[in-house]
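Asker: I have a structure I would like to understand better, so I am pasting it below and will then ask my questions one at a time.
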Amino acid sequence: MRFVPRLNWLVVLRLYSFLTSDVPARLMISRTRLLVAAAFLGHLFSVHLSATTQLLCPPVAHTSKDDVTICAIQQEKIGSIFKLHIRGKIDYHSMTMWADEATYNEDTDDVTLEGHVVLDGGPNNEHVEASHGTYNVRTDKGRFYDVVGTIGYRQRPRLLLTSSNPFAFTGKIVDKIDPDHYVVHNGTVTTCKLPHPKWQFDMHRAVVTPGDNALIYFSTFRIRGLPIFYFPFATHPLERQRQSGLLTPNFGRSSTKGTILGESFYWAINRSMDAEIGAQYFSSRGWAQHGIFRARPGDNSFLGLSYFGVMDRGIGTPRVNQGGEEVRLNGADRLPHNFRLVGDVDYLSSFLFRLAFYEVFNQAVNSEVRSQGFLSNTTSGTSFNVFVQRYQDFQGTNTGNLITILHTPSFDLSSVDRELGNSPFYWNFEAAAEGLSRSEPTFRTANLVGRFDINPSLSLPVLFRGWSLRPEIAVRDTVYSQQLVPANGLGVASGDPINRRALETSVELRAPALERVFDRGLFGRKLKHVIEPRVVYRRVTGVDNFSKILRFDERDILTNTNEVEYGATTRLFAKRRSSTTAGCDTAALLLPDQARPLATAWDPFDQEPDTLQPRTVECPAVPAARELVSWELTQKYFLDTGFGGALVSGTRNVFTTTADFTAIAFLTSPRHLSPLVSRLRVQPGSNVDAEWDLDYDFKSGRINASNVLMNFHIGQISVGGGDAFLYIPADILASSNTATSFHQFRTQVGYGHPNKPGFSGAATFGFDANQGQLQYSAVQATYNWDCCGITVEYRRFALTTIRDESQYFFTFSLANIGSFGNLQRRVRLY
């Protein structure tokens, strides 16, 4: 906008002096002279269109029978025709029209507009500029010429590139056919800033519905004026509601699949249901199909169904068909009377298919497939469950080389600890009745093996001066309709029933926590160090038939044991200093014999939390304590090194006592000491989190397992990584006399996010240290402008001889619309 010259301000001052002079003098001035002066001033300030729309009309106005208000610097009336001169304004409903010259027919409500025409208003912030046009304020119909218009856009979720730019359109002719529809002829649409948009649709015709969408016919999509695609039909969303239609096509390149071309159709069935179906063509392999169905029948229920399959022509010499399919169904619903229904069904035709065609590394190498469903009810501390499960573990890529375990059906009943009458004892129970089966290449049980289990327990918790003692006794009785007859390999399933009985006793002793508060602290924070020691003695007797028990799940690995577990957890807390108690009632101060605020959780800096009872009182917020460091050290000493005869030397023995202790199967021979298990977690701030899980074996003098995880982010920068190490003794490897280990690294670094203006990028890799091989790597980069963005990614797979592939992905995103390319959101790095 230009600045008005100083001379014009003199005119303004003279006019102001004239208007503020005595009344008789002003009354002698003709109305025509006043209008001329006002028109002159209006001309001086109309150097920009947005300035003219702010002018105030003189008190010359008219309201018609349809609540239409007109005003102008100068106007005249001839019969039912009003002529508005020098920037006329017409208000009707929620809309406003401006024009240099306008005529309004009071009888027909027809309006003719000439020069700098502007139409503003409506619930969607419509703004139309034109050279001239005609309109009817009664029917909301009209025609405008040489149009540039915008429609305010409602922001979509951040999963999509978004922009505050409004939807913009231009057209030689624009017809408003009703209050909610524009028809644009021979123009463009975009969400970029005009007049030089980075992308646009040049179209023959478009139907624009503010608050809904724009239907575009016979258009050419251009980037920087360069034609990219021709679309006979396309849609542009103008709000968050989903729209049915063809999605933008995707294409890419892979070293093994060749050129990739794909298309999908999206169907918005209704407000709570939608579906997507599509296909991709791999020039070197064949066709891939995918489909997704989603539904939310109610506030507490959902249903999802997905399909992915590939009709593969094969790869290599001779050709190997790696095609297959996977179907997943998941859903949940909350039913009346505290019932909850959950289902998760997964069908995979072959592990080779998953290795060859899945784009996410963790999914591609996952050899397990689980399908399960349950109906549960928890009322007054008692839980009842009906459970069905199918578990598959693929042992290799050959067909049929897998373990399948079925739970169908299973009934489970359990309770929390309850007081036994008025006594100091507590009791609980677990009971189950299940139908099971197991099959693998060299072993198979009956189609339905019955298992009936009951496990009641009784405990006596005792508290004395900070000491905690909890003795407990439990009886477990499990009946199987089949048993295992030891033989070569896994043995043979026999039809004879078997009964396993066990008596379990334990005593848990916890000493008072050792703690110290450091008032001097660090970086303006108080520090508190707490050590929590514990000792647990366990003894299980009566299991004298472990070798005859079929293995289905964790219920079947119970053995005799006589052991002591000892350990300690050390914690370091920090809290900002705060001496502010202004406005806090004296009774709200945390004294040992008074109350804490009701909303305050236990604070580790309180010396006597057990003496404080809840009380509702308003008090200034107390800084929360943060756990900076948590380090747990624990170990077991086995008095019975043979576990009642269950242990078999030279094999991997998995028992309840070891599986509950650590995930590493360390029992390959009799031993007294378990590995020392260390679990260290450090979280000095909300942006840093590190964890180190270590199992050190004193008997062998080595590390059995080590897993390090680290995440760090500050501002737009994030770094994450992991190091996994596992040692496998030679005596449990059937094919080698030499011990081996697995050692792999995973790292990811990133900057920014998908919706960030400018540059964003990320990189990740997975490296196998033993093989010296980069198994997986990916690099992704994004650059976003005000209305569009482009993302490119390179991905590399090297999974032994199964998959050696380089992939190239890209996507071009249009703000507030969507994207085209072959980089799907579920496989992006950020």
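The values are calculated or read from the model by the stated rules, or taken from the named source; none is laboratory data. Just so it is clear, the structure is predicted and the values come from calculations on it, not from any experiment. Note: ideal-geometry Cβ built from the backbone for every residue, glycine included; neighbour counts use all protein chains shown. These accessible areas exclude ligands, DNA and RNA; they are computed on the full protein's heavy atoms, side chains included. Shrake-Rupley method; radii C 1.70, N 1.55, O 1.52, S 1.80 Å.
Asker: Residue by residue through the range 398-413, note down the ones that are open to solvent by 30 Å² or more (accessible area, probe 1.4 Å), in a strand (DSSP E or B) and not aliphatic (A, V, I, L, M).
Answerer: Scanning the range 398-413 gives Thr408, Pro409, Phe411, Asp412.
Asker: Identify, please: which residue in the range 307-328 is over 20 Å from Ser367 (Cβ atoms) and either open to solvent by 70 Å² or more (accessible area, probe 1.4 Å) or among the small types (Gly, Ala, Ser) (or both) and is, among those, nearest to the chain's Cα centre (by Cα)?
Answerer: Within the range 307-328, the match that is nearest to the chain's Cα centre (by Cα) is Tyr307.
Asker: Quick one: how many residues across the range 298-317 are part of a loop (DSSP other than H, G, I, E, B) and more than 29 Å from Ser283 (Cβ to Cβ)? Show your work before the answer.
Answerer: Taking the range 298-317 first, the residues part of a loop (DSSP other than H, G, I, E, B) are 299-300, 313-314, 316-317.
Next cut, more than 29 Å from Ser283 (Cβ to Cβ) only: 299-300.
Going through the range 298-317 one residue at a time, the tally reaches 2.
Asker: So which residues in the range 505-530 are open to solvent by less than 70 Å² (accessible area, probe 1.4 Å) and without any contact (Cβ under 8 Å) to a residue 40 or more places away in the chain?
Answerer: If the condition is that a residue be open to solvent by less than 70 Å² (accessible area, probe 1.4 Å) and without any contact (Cβ under 8 Å) to a residue 40 or more places away in the chain, then Thr505, Ser506, Val507 are the ones that fit.
Asker: Restricting the search to the range 86-111, which residues are part of a strand (DSSP E or B), touching a residue at least 24 places away in the same chain (Cβ under 8 Å) and not aliphatic (A, V, I, L, M)?
Answerer: The answer is Arg87, Lys89, Tyr92, Thr96, Trp98, Tyr104, Asn105, Asp110.
Asker: A further question follows. For residues that are in a strand (DSSP E or B), of a type outside the set (Val, Ile, Thr) and buried (at least 18 other Cβ atoms within 10 Å of the Cβ), tally how many sit in the range 185-201.
Answerer: Count: 4.
Asker: Within the range 267-308, work out how many residues are in contact with a Ser or Thr (Cβ under 6 Å, 6 or more places away or on another chain) and not hydrophobic (A, V, I, L, M, F, W, C).
Answerer: Final tally of qualifying residues: 4.
Asker: Restricting attention to the range 424-473, which residues are open to solvent by less than 40 Å² (accessible area, probe 1.4 Å) and of a type in the set (S, T, N, Q)? Talk me through it step by step, then tell me what you get.
Answerer: Narrowing the range 424-473 to residues open to solvent by less than 40 Å² (accessible area, probe 1.4 Å): 428, 431-437, 439-440, 443, 445-446, 449-451, 453, 455, 457, 459, 468.
Asn428, Ser437, Ser439, Thr445, Asn455, Ser457, Ser459, Ser468, listed by residue number.
Asker: Looking at the range 749-756, can you tell me whether even one residue there is out of contact with any helix residue (DSSP H, G or I) (no Cβ under 7 Å at 6 or more places or on another chain) and hydrophobic (A, V, I, L, M, F, W, C)?
Answerer: Of the range 749-756, the ones out of contact with any helix residue (DSSP H, G or I) (no Cβ under 7 Å at 6 or more places or on another chain) are 749-756.
Among the residues that remain, those that are also hydrophobic (A, V, I, L, M, F, W, C) are: 749.
Yes, that holds for at least one residue.
Asker: Tell me which residues, restricted to the range 721-775, are at pLDDT 85 or above and hydroxyl-bearing (Ser, Thr, Tyr).
Answerer: Tyr727, Thr747, Tyr751, Ser760, Thr764
Asker: Looking only at residues in the range 215-269 that are among the aliphatic types (A, V, I, L, M) and closer than 30 Å to Phe797 by Cα, which one is least open to solvent (accessible area, probe 1.4 Å)? Quick ask: steps written out before the conclusion?
Answerer: Initial filter on the range 215-269 (among the aliphatic types (A, V, I, L, M)): 215-216, 223, 226, 228, 234, 238, 246-247, 260-261, 268-269.
Within this subset, residues satisfying the condition of being closer than 30 Å to Phe797 by Cα are 247, 260-261.
Working: Leu247: 66, Ile260: 14, Leu261: 93 Å².
Checked the range 215-269; the qualifying residue least open to solvent (accessible area, probe 1.4 Å) is Ile260.
Asker: Being in contact with a Lys or Arg (Cβ under 8 Å, 6 or more places away or on another chain), of a type in the set (Gly, Ala, Ser) and either assigned to a strand (DSSP E or B) or at pLDDT below 90 (or both) is true for just one of Ala234, Ala279, Ala268, Ala295. Which residue is that? Let's see the steps before the verdict.
Answerer: On the way: Ala234 fails: in contact with a Lys or Arg (Cβ under 8 Å, 6 or more places away or on another chain); Ala279 fails: in contact with a Lys or Arg (Cβ under 8 Å, 6 or more places away or on another chain); Ala295 fails: in contact with a Lys or Arg (Cβ under 8 Å, 6 or more places away or on another chain).
Every option except Ala268 fails the conditions.
Asker: While we're looking at this one, here's another question. State yes or no: is Arg500 outside any loop (DSSP other than H, G, I, E, B), open to solvent by less than 50 Å² (accessible area, probe 1.4 Å) and under 30 Å from Phe429 (Cα atoms)? Steps first, please.
Answerer: Working: outside any loop (DSSP other than H, G, I, E, B): yes; open to solvent by less than 50 Å² (accessible area, probe 1.4 Å): yes; under 30 Å from Phe429 (Cα atoms): yes.
So Arg500 passes the test.
Asker: So in the range 637-648, with the set limited to residues that are on the phi > 0 side of the Ramachandran plot and touching a strand residue (DSSP E or B) at 6+ places or on another chain (Cβ under 8 Å), which one is most open to solvent (accessible area, probe 1.4 Å)? Show your work before the answer.
Answerer: Narrowing the range 637-648 to residues on the phi > 0 side of the Ramachandran plot: 643-645.
Subsequent filtering for residues that are touching a strand residue (DSSP E or B) at 6+ places or on another chain (Cβ under 8 Å) retains 643-644.
Numbers: Phe643: 1, Gly644: 42 Å².
The residue in question is Gly644.
Asker: Quick one: how many residues across the range 740-767 are assigned to a strand (DSSP E or B) and closer than 23 Å to Phe712 by Cα? Working first, answer last.
Answerer: Pass one, the range 740-767, residues assigned to a strand (DSSP E or B): 740-751, 758-767.
Keeping just the survivors that are closer than 23 Å to Phe712 by Cα gives 743-751, 758-767.
Matching residues across the range 740-767 total 19.
Asker: Next up: Being touching a residue at least 12 places away in the same chain (Cβ under 8 Å), surrounded by 21 or more Cβ atoms within 10 Å (Cβ to Cβ), under 30 Å from Arg319 (Cβ atoms) and among the small types (Gly, Ala, Ser) narrows it down to one residue among Ala815, Ala778; which is it? Before you say what the answer is, go through the steps one by one.
Answerer: On the way: Ala815 fails: under 30 Å from Arg319 (Cβ atoms).
From the options Ala815, Ala778, the qualifying one is Ala778.
Asker: Is the range 354-367 home to any residue that is in a strand (DSSP E or B) and out of contact with any Ser or Thr (no Cβ under 9 Å at 6 or more places or on another chain)? Give the steps one after another, and end with the answer.
Answerer: Filtering the range 354-367 down to residues in a strand (DSSP E or B) leaves none.
Scanning the range 354-367 turns up no residue that is in a strand (DSSP E or B) and out of contact with any Ser or Thr (no Cβ under 9 Å at 6 or more places or on another chain).
Asker: Which residue is most open to solvent (accessible area, probe 1.4 Å), if the candidates are limited to the range 675-714 and must be under 19 Å from Thr658 (Cα atoms) and either in contact with a His (Cβ under 7 Å, 6 or more places away or on another chain) or of a type in the set (A, V, I, L, M) (or both)?
Answerer: Across the range 675-714, the extreme among qualifying residues is Ile703.
Asker: Looking at (1) under 27 Å from Ser301 (Cα atoms); (2) β-branched (Val, Ile, Thr); (3) open to solvent by less than 70 Å² (accessible area, probe 1.4 Å), find the lone condition where Ile277 falls short.
Answerer: It is condition (3) that Ile277 fails.
Asker: Name the one entry in Pro166, Pro179 that is farther than 24 Å from Cys788 by Cβ and either open to solvent by less than 40 Å² (accessible area, probe 1.4 Å) or touching a residue at least 12 places away in the same chain (Cβ under 8 Å) (or both).
Answerer: Values: Pro166 fails: farther than 24 Å from Cys788 by Cβ.
Unique residue meeting the criteria: Pro179.
Asker: Can you report the number of residues in the range 649-670 which are farther than 30 Å from Gly720 by Cα and either open to solvent by less than 20 Å² (accessible area, probe 1.4 Å) or free of Cβ contacts under 8 Å to residues at least 12 places away in the same chain (or both)?
Answerer: Final tally of qualifying residues: 6.
Asker: From the list Pro512, Pro471, which residue is touching a Leu at 6+ places or on another chain (Cβ under 7 Å) and not hydrophobic (A, V, I, L, M, F, W, C)? Before you say what the answer is, go through the steps one by one.
Answerer: On the way: Pro512 fails: touching a Leu at 6+ places or on another chain (Cβ under 7 Å).
None of the other options fit; the residue is Pro471.
Asker: Kindly establish whether Ile292 is in contact with a helix residue (DSSP H, G or I) (Cβ under 9 Å, 6 or more places away or on another chain) and open to solvent by 50 Å² or more (accessible area, probe 1.4 Å). Can you show your working first?
Answerer: Working: in contact with a helix residue (DSSP H, G or I) (Cβ under 9 Å, 6 or more places away or on another chain): no; open to solvent by 50 Å² or more (accessible area, probe 1.4 Å): yes.
In short, no.
Asker: Something else now. Does Lys172 qualify as being part of a strand (DSSP E or B), of a type outside the set (Ser, Thr, Tyr) and open to solvent by 10 Å² or more (accessible area, probe 1.4 Å)? Please lay out each step first, then the result.
Answerer: Details: part of a strand (DSSP E or B): yes; of a type outside the set (Ser, Thr, Tyr): yes; open to solvent by 10 Å² or more (accessible area, probe 1.4 Å): yes.
Yes: the conditions hold for Lys172.
Asker: Output the residues belonging to the range 237-265 that are in contact with a Leu (Cβ under 8 Å, 6 or more places away or on another chain) and either closer than 23 Å to Gln200 by Cβ or in a loop (DSSP other than H, G, I, E, B) (or both).
Answerer: Pro249, Asn250, Phe251, Glu263
Asker: Taking the stated definitions as given, is Gln363 touching a helix residue (DSSP H, G or I) at 6+ places or on another chain (Cβ under 8 Å) and not basic (Lys, Arg)? Please lay out each step first, then the result.
Answerer: Values: touching a helix residue (DSSP H, G or I) at 6+ places or on another chain (Cβ under 8 Å): yes; not basic (Lys, Arg): yes.
Spelling it out, Gln363 is indeed touching a helix residue (DSSP H, G or I) at 6+ places or on another chain (Cβ under 8 Å) and not basic (Lys, Arg).
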